[in-house]
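Remarks on the structure that follows.
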Amino acid sequence: MASHRLKLNEEKTQVIWLGTRQQLASVTATTLMLQNAAIQCSSSVKNLGFILDSQLTIADHVSSLSKSCFFQLRQLRAVRKSLPAYARQTVVQSFIHSKLDYCNSALVGITGHQLKRLQSIQNAAARLIVGARNYDAITPTLRDLHWLPVR
């Protein structure tokens, strides 16, 4: 790396071991030495905004995505009455749908539980746009907004 004038940034470099639970149990190395830098192995790493865990279950990514989207929805709920419906839809699509759609091809084959969590984000976003209550039916609202289900 030094011959190509590249320098290792210890604070941003992450190392992860990938494998099944049994394979990971047999790994004893917790630190990797690279050019006088000791890098600790992690159970999950972030690459281009997508979080990978050691068993590639994508649970950490869905948790992080859910936390981030619901935070944004809470912030938007505070200004909901100040915005007309078309502006609410534009803001929600830019903040929420862009996060849901990012790296969605990597989410193929996720479990039903994780799929429900992603669908609940979309449902909450639709409710915010139209001002529906939690116990109102969401399917007609999604149809009116022309939004496809998460699956």
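What full-extension length gain, to one decimal in nm, is calculated for ARG21 and LYS81 as 0.36 nm per residue of separation minus the Cα-Cα distance?
Length gained, ARG21 through LYS81: 16.7 nm.
If we count other beta carbons within 10 Å of each Cβ, what is the order of SER43, SER105, fewest first? If you can, show how the numbers build up before the last one.
Numbers: SER43 11, SER105 6.
Final ranking by Cβ density, sparse to dense: SER105, SER43.
Under conditions of 20 °C and 1.002 mPa s, the chain yields 118 µm² s⁻¹ as its translational diffusion coefficient, taking Rh as the Kirkwood radius over Cα pairs in the Stokes-Einstein equation.
For the pair THR111 and ARG151 in one chain, pulling the backbone fully straight at 0.36 nm per residue adds 13.3 nm over the alpha carbon distance.
The listed peptides 140-147, 79-86, 91-98, ordered by packing as a protection proxy, come out as 91-98, 140-147, 79-86 (highest mean of other Cβ atoms within 10 Å first). Placing unit charges on the Cβ atoms of the charged side chains and taking the dipole of the chain about its Cα centre, the candidate lying farthest along the positive direction among ASN36, HIS113, ALA78 is ALA78. Helix 59-78 and the long axis of the chain differ in direction by around 40°, with both axes built from C-alpha atoms. Look at ILE110, ILE58 and count the other Cβ atoms within 10 Å of each Cβ; fewest to most, that gives ILE110, ILE58. What distance in nm separates the simple spin-label points at ASN104 and LEU32, each placed 7 Å from Cα in the Cβ direction? Rounded to a tenth, the inter-label distance reads 3.2 nm.
If you add up the charges near ARG88, with Lys and Arg at +1 and Asp and Glu at -1, over every other residue whose beta carbon is less than 13 angstrom from its beta carbon, what do you get? If you can, show how the numbers build up before the last one.
On the way: positive: ARG77, ARG80, LYS81, ARG127; negative: none.
Once positives and negatives cancel, what remains is +4.
Bear in mind these aren't lab numbers, they're just calculated from the coordinates by the rules spelled out. This one's a predicted model, so the numbers in the text were calculated from it and none came from an experiment. For neighbour counting, all protein chains shown are included, and Cβ atoms are generated from backbone atoms with ideal geometry for every residue, glycine included.
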